[in-house]
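Take a look at the structure set out below.
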Amino acid sequence: PAVAYGLDAPFAVEFHDSVGSTNDRARELATGGAANVAVIADEQTASRGRLDREWRSPSGGVWLSLVLRPDVPPAHAPAFTLAAAVAVTRACREVGVDARIKWPNDVLVPHTNDRGDEGDDGDDASDGAGDTVDRGGRKLCGILTEMEGEADRVSWLVVGIGLNANVDAGDLPAGADATSLAAELGHDVDRRILVQRVLEEFHELGRDLDGVIPAWREHADTLGRRVRVDTPGGIVEGDAVDVEFPGALVLDTGNGEVRVTAGDCEHLRP
Ligand code: BTN
């Protein structure tokens, strides 16, 4: 049976032409008790990526942070991040871009030939590993989730989504294998419709987290590939065979199965 996770109310939208970071603004709202708010900005001046990495947020993107107070234990929080990746992927596919998910939550446009052995695998040879390593494709979107929780229950969750929508190719970070919807399509997209679709899809998935993993599998680029994951406990390499609730990647290492719950994932060529 479907379980309500507290996402029954629609999102209230708070829009900024320019803000430091939508995640920081969303955290302010969250600590003040807000729920179901979508903070959106046209431009961010102090945006943050995962692992303290830089994230560029010029005008034209979709910089969006969701304030949630779901009635779930902290251990289930990763499922919301996966849900956001699915929601973004579906919205991108609707506008005609071949978006897929690299575990756990990067949305990218895979290199066309990277499952075959003909043509350019898209490797830029700057990764120090010849032509055997593929970062997975050109990155369209990254997600940064932040949380405060007690032992048994999340008190708030901020899911920050950075989608390069109408970002000009020249404004994308150089040498980082990044792309935008506009760069892929050759024209701008309607960001209002895009945001609407992301919120609708996310809302639907967030109402019943049981549906998140099957939806994620459907759009995964990582499954079936040989991968190398840089985890807090060290590097793990294997064949990515599945994803399990709330978001662990199951690797067949040839020496048994290993589940990884956090880390940076590289797609390796078979
Ligand atoms: C990543 O490193 O891949 C995650 C990038 C997340 C960027 C988004 S943009 C909206 C929100 N506000 C931030 O400061 N970061 C996130």
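Here, each number is a calculation from the coordinates, and none is a lab measurement. Quantities reported herein were computed from a predicted structural model and do not represent experimental measurements. Here the Cβ positions follow ideal geometry from the backbone for every residue, glycine too, while neighbour counts run over all protein chains shown.
Things worth noting here:
- Lys, Arg +1 and Asp, Glu -1 on Cβ, resulting dipole of the chain about Cα centre, debye, nearest 20: 520
- Rel. contact order, % - alpha carbon contacts under 8 angstrom, at least six apart, region 12-222: 23
- Springs join every pair of Cα atoms under 10 Å in this Gaussian network model of the chain, and among Ala87, Ala215, Ala38 the largest mean-square fluctuation is at Ala215.
- Taking the Kirkwood radius as Rh and the Cα radius of gyration as Rg, the chain has a ratio of Rg/Rh equal to 0.95.
- Thr145 long-range amide H proximity, modeled H, under 5 Å: Gly160
- Taking amide H positions as modeled 1.01 Å from N, with prolines and chain starts lacking one, the residues under 5 Å from Val72 and 5 or more places away or on another chain are Val154.
- Couplings 3J(HN,Hα) for region 174-189, derived from phi with the Karplus relation 6.51 cos²θ - 1.76 cosθ + 1.60 (θ = phi - 60°), are 5, x, 10, 6, 9, 8, 9, 4, 4, 5, 6, 8, x, 7, 6, 10 Hz, where x marks Gly and Pro.
- The residue among Ala248, Thr231, Gly211 whose Cα reaches farthest toward the positive pole of the charge dipole of the chain, with charges on the beta-carbon of Lys, Arg, Asp and Glu, is Gly211.
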